[in-house]
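If you scroll down you'll find the structure; I have some questions about it.
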Amino acid sequence: MEEYNCSDMSQYGLAEPAATVRVHYTEEQTVEDSEDTSDSGESSDSSASSDSGDTSSSSSSSSESEEETTVTVEKDLVLLVGNQNEEGNYYVTMEGSKEVHTLSEDTVDSILNTEISSYWDLAVSPVTVSDITSLDVTYQGQTNTIVRNTEETTDEDGNTTQTITYTWNGEEVDKTEASTLYSAATSMSAQSKDRSLEKTGEDEIVVVMHTADGDYTVSYSPYDSSFYYAEDLQGVPSLINKNNVNNLIDAYLTVIGEK
């Protein structure tokens, strides 16, 4: 660290930075939802009791239940890049901070002079298996829906057990085979992404992932002898290893009993 509590950023070239790097990202956070189950009449009684010095009735007249909820929070991280020192390192600080640090010239150059495609997430699917309620798969002109069913039961001691089953055409299918299909669909990752890529063939397999937040569709078409072409949900063309798509097709055919 160059300086812990800087009062004059201009001496480091950070009052008017030479470069600003802004990173926008999302973060999953767990929050507690509190539900007050107290009765309004009881609240009035406990208030009166509290005024008279009896605090025990106040604590017993209301109850509060807490439930954890996961929310997605959008955040920004802003790095300011200033002057170089005698060693060639750059002065940097986070926006809103008074701390001044240094980064090597190579590190700063790698941030500022790297193609934006180097920062793209290679994932094709934005969801996880637990997000999906059902999966539509279209292959060789036929569409089938495999549903993921979740049932929770609570015993007399308050312990909750979750049971997951998969169904196709209203009939339960092998859980391991179905979960393999779901995993193949959600874990698909691109070998590379490039906006200059163009689709060269017809879709061979189309997967629609239904979630509580919406539906996500990914189509795969042959590109060459080694890759399939697909587009991620931002519309960025991607090349997918042929073996991974073949695994997806095999998993699907296994579930519907055609392999």
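Semi-axes of the equivalent ellipsoid for region 112-151, please: Cα gyration tensor eigenvalues, times 5, square-rooted, ordered largest first, whole Å.
For region 112-151, the ellipsoid semi-axes come out as 33, 17, 4 Å.
Let me know the charge dipole size of region 179-255 about its Cα centre in debye, to the nearest 20, where only the beta-carbon of Lys, Arg (+1) and Asp, Glu (-1) is charged.
180
Here's a follow-up. Give me the orientation-averaged projected area of the Cα convex hull of region 172-214, in nm², one decimal.
5.2
A follow-up question, please. Got a sec? How would V73, V206 order by Cβ neighbour count within 10 Å, fewest to most?
V73, V206
Run the simple label-point estimate for A15 and S104 please: 7 Å along Cα→C-beta, distance reported in nm.
Here the answer is 3.2 nm between the modelled labels.
A further question follows. Among the lysines, which fall within straight-line cross-link reach of K98, defined as a Cα-Cα distance under 22 Å, with same-chain neighbours fewer than 8 residues apart omitted?
The qualifying lysines are K75.
For region 129-255, just list the percent of Cα-Cα distances falling in each 10 Å bin from zero outward, please.
Per 10 Å bin, starting at 0, the Cα pair percentages come out as 12, 40, 29, 12, 5, 1, 0.
Values quoted throughout were computed directly from the atomic coordinates according to the rules given, and no laboratory measurement underlies them. Here the structure is a predicted model, which means the values were calculated and not measured. Positions of Cβ are generated from backbone atoms using ideal geometry, with glycine treated the same way; all protein chains shown enter the neighbour counts.
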